[in-house]
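Please read the structure below before turning to the comments.
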Amino acid sequence: MAKKPAAPKPKCLVRGCKEPRRTRGMCEGCYHSALSMVKSGEKTWDDFIKAGEALPPKKAKAPKTALMKRYRKAKPARSR
């Protein structure tokens with residue numbers, strides 16, 4: 001049975017960039033450049049999103065500490 005060819009990786013959303021996407025739809029280099037502009041106040045993430053050069057952030061995961069609290073509550077204590 002022949003292997004299926006790998007699907008091409010989506011490209012960076014920044015115009016003219018052909019690198020594969022990593023974070024927020026941008027390649028690593030474009031993301032760091034955008035992050036510098038956001039930190040300096042030159043642009044906001046909304047500016048990049050409206051221009052079609054970035055994706056909105058993904059929903060944040062619950063911190064591990066919250067997970068551990070639930071785990072400890074659910075797991076009965078071991079008797080010695």
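The values are calculated or read from the model by the stated rules, or taken from the named source; none is laboratory data. All figures in this text were calculated on a predicted structure; none of them were measured in a lab. For neighbour counting, all protein chains shown are included, and Cβ atoms are generated from backbone atoms with ideal geometry for every residue, glycine included.
Values as computed for the structure displayed
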read-out	value
Candidates Met37, Met26 - the one that is under 13 Å from the mean Cα position of the chain (by Cα) and not β-branched (Val, Ile, Thr)	Met26
Test: residue in segment 51-65 that is loosely packed, with under 11 Cβ neighbours inside 10 Å, at pLDDT below 95, assigned to a helix (DSSP H, G or I) and of a type outside the set (Lys, Arg)	yes
Scope segment 6-49; condition assigned to a loop (DSSP other than H, G, I, E, B) and either in contact (Cβ under 8 Å) with a residue 40 or more places away in the chain or closer than 21 Å to Ala60 by Cβ (or both); matching residues	Leu13, Arg21, Arg22, Arg24, Gly25, Thr44
